[in-house]
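Each remark here refers to the structure printed beneath this line.
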Amino acid sequence: MDLTKMYVGLWMSGESLTTALRYQGEPLSGTWVVWGQVHGETHGVGLWVTIEAVSNPEGKGAPLTSIEDLPMLIRWEYILGGTASNTPIEKRPIGFLPKLESQDL
C-alpha cells in the first residue's frame, strides 16, 4: 500500500517517540499518537512524515517544541499501529479502549 500523501495517526510508545524525535526533555511514557502527512517511504526503514501534532490517550500534547514543517523519518520498528486516510484526520485520541472492569465482561 502506498501511503504517500495520506494522513496518518501512528501509535508509538513514549520511549520510541522520545528516540524518534530526539526529544531531550523528561522521558515520555505510555502510548502516544503522532499525527501527520506521509511524504514517502524508505523501504525497509520507515515513513517520512510531516508531524502536525502528538497526543496521548488522555488528550495531552507532548511538550515537543522542535518539530518543524519538515518530514521526519519514523522507523517501522517504532510504530505499534496506525490509521490512514485520504483527508486530514482529527487530532484526537483514537483506537484506545477504556480499561474494562471485571464486572463489565
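Where a number appears in this text, it was derived from the coordinates with a stated rule and is not lab data. Every value quoted in this text rests on a predicted model; they were computed, and no experiment measured them. Every residue, glycine among them, receives a Cβ derived from its backbone with ideal geometry; neighbour counts consider all protein chains shown.
Counting other beta carbons within 10 Å of each residue's own, what order do ILE51, ILE79, ILE74 fall into, fewest first? Provide the component values of the computation, followed by the final result.
On the way: ILE51 21, ILE79 18, ILE74 25.
Fewest-to-most Cβ neighbours within 10 Å comes out as ILE79, ILE51, ILE74.
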Notebook entry, point to check: Given H placed on each backbone N at 1.01 Å, which residues far from GLU41 in sequence or on other chains put an amide H within less than 5 Å of it?
Noted result: TRP48
